[in-house]
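Before any comments, here is the structure.
Every number here is computed from the coordinates shown, using simple stated rules; none is lab data. Since the structure is predicted, the reported quantities are computational estimates derived from the model, not experimental observations. Cβ: placed from backbone, ideal geometry, glycine included. Neighbour counts: every protein chain shown.
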Amino acid sequence: MSAERTNWAGKLTYGATRIHTPSSVEELQDVVARTARIRALGSRHSFSDVADTTGELVSVAGLPPRADVDAAARTVTVAAGLRYGDLAEQLHRQDWALHNLGSLPHLSVAGAVATATHGSGDGNGNLATAVAALHLVRADGELVTLRRGEPDFDGAVVALGALGVVVAVTLDVVPAFEVQQVVYDDLALDTVGERFDEIFAAAYSVSVFTDWAGTTRSWVKHRVGDGDWTPDPAWMGARPADSPRNPVPGMPAVNCTEQLGVPGPWYDRLPHFRLEFTPSSGEELQSEFLVPRAHGVAAFGAVAALAGHIAPVLQICELRTVAADDLWLSPSYGRDVVGIHFTWRKDPEGVAPVLARIERALAPYEPRPHWGKLFTVAPEQVRERYPRLADFRRLRGEHDPDGCFGNAFTGRYLG
């Protein structure tokens with residue numbers, strides 16, 4: 001099977017009858033206008049079937065890789081298929097930055113936006129919160145621009161590809177900044193539960209990684225200029241790592257961004273992994289659940305109680321925090337959240353019963369699954385956790401009345 005026909009990990013095979021890769025927006029408009037059922041394909045990092053279709057797929061990776069900065073407006077207009085890592089390097093050369101980045105710089109901008117992919121930080125919204133405008137092709141081939149402040153814009157940003165094919169995104173930018181990254185070893189799980197808020201408030205971006213079998217570390221990313229800061233040799237009872245680490249035990253640290261407190265550009269510290277390396281072999285599955293921050297400690301405890309079941313099929317679990325937003329289909333809509341992310345071994349049969357246990361344990365804490373990850377939560381339970389879903393259905397009907405951009409995933413979870 002061609003790699004183009006599968007997702008990044010080779011776990012999902014796309015059911016599309018054809019994959020188009022137009023080299024211009026005009027060519028893409030023509031493809032969309034003459035195709036009855038079509039979906040946009042990004043960098044293929046989703047583990048769910050959110051991008052799949054039994055119709056046709058159109059990749060935006062072949063569009064010209066534009067990244068046009070408007071310094072006066074403090075925005076950059078970016079080709080949909082451009083990877084965050086490539087965009088970041090271009091921005092930094094012009095002394096600009098994005099407010100945050102995800103763990104991987106390999107993700108396409110439009111794909112990450114459409115699924116509300118996120119980084120970490122108490123004060124940082126997910127990547128979609130930087131969107132100031134969307135430029136998309138609707139089912140009839142018309143190119144339209146939707147701008148922040150216009151009616152229903154908050155419903156259009158995180159749209160799972162259901163409104164059209166996004167060809168460019170306008171993002172807010174901020175002045176370039178530097179970050180120091182320190183990894184702390186031997187962080188006790190009990191300490192995470194007892195000092196949860198203090199840990200995640202410790203820096204601009206904080207992640208806690210655990211294998212639930214004895215190895216727990218924290219990635220602390222301090223924004224240079226946010227007050228005086230030096231690594232604490234006894235922070236939270238942990239100790240600064242004496243050499244670079246990879247979040248996944250046993251994986252090479254050379255794949256990761258620079259650590260040990262060395263200041264460096266935002267784009268080379270906020271992600272965990274370097275753009276020039278494949279972060280892993282792809283031999284993995286992924287799930288993530290975002291719970292209200294108010295339930296974070298309780299949800300952490302519920303997962304910890306399943307450690308004996310989780311550890312045998314897990315590579316690593318990451319805890320992050322994300323600020324609330326107003327985007328209708330964002331898992332952080334209306335509430336600050338804690339993301340509990342699982343990178344599983346590539347063992348679907350072993351993972352399935354453990355994932356079901358986790359979903360049952362988290363159910364009392366109102367989790368919203370990450371749209372691009374694996375989950376088995378009943379569709380009606382997912383739908384009831386999005387209070388603006390009826391508004392989104394109306395918006396979808398206005399933009400795509402014939403369901404050109406629908407698929408089985410949107411049918412299940414959006415109705």
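For this structure, a couple of remarks:
- A full extension of the chain between ALA352 and ARG393 corresponds to an added length of 11.7 nm, given 0.36 nm per residue minus the alpha carbon distance.
- Placing +1 on each Lys and Arg Cβ and -1 on each Asp and Glu Cβ, with no other charges, gives segment 179-379 a dipole about its Cα centre of roughly 280 debye.
- Rel. contact order, % - alpha carbon contacts under 8 angstrom, at least six apart, the chain: 18
- Arranged from fewest to most other beta-carbon atoms within 10 Å of their beta carbon, LYS221, LYS373, LYS346 become LYS346, LYS373, LYS221.
- FRET efficiency, ALA363 to ILE19 (Cβ-Cβ, R0 60 Å, nearest 0.05): 0.95
- The length gained on full extension between ARG147 and THR376, counted as 0.36 nm times the residue separation minus their Cα-Cα distance, comes to 79.0 nm.
- Fully extended contour minus Cα-Cα distance, from GLU27 to HIS309, at 0.36 nm per residue: 96.5 nm
- Value at 222 nm in deg cm²/dmol, rounded to 500, when DSSP H runs of n ≥ 4 in the chain each add -39,500 (n - 2.57): -5500 deg cm²/dmol
- Segment 106-147 and segment 238-279: distance between their alpha carbon centers, rounded to Å: 26
- Rounded to the nearest 20 debye, the dipole magnitude of the chain is 740 debye, with +1 charges on Lys and Arg beta carbons, -1 on Asp and Glu beta carbons, and the Cα centre as origin.
- Of ARG383, ARG217, ARG368, the one that fluctuates the most in a GNM where the chain has Cα springs shorter than 10 Å: ARG383
- Simple spin-label estimate for ASP326 and THR54 gives 4.0 nm between the two label positions (7 Å along the Cα-to-Cβ direction from each Cα).
- Residues ILE38, ILE19, sorted so that the one with the fewest Cβ neighbours within 10 Å comes first: ILE19, ILE38
- Positive-end residue of ALA323, THR170, PRO249, charge dipole of the chain with Cβ unit charges: PRO249
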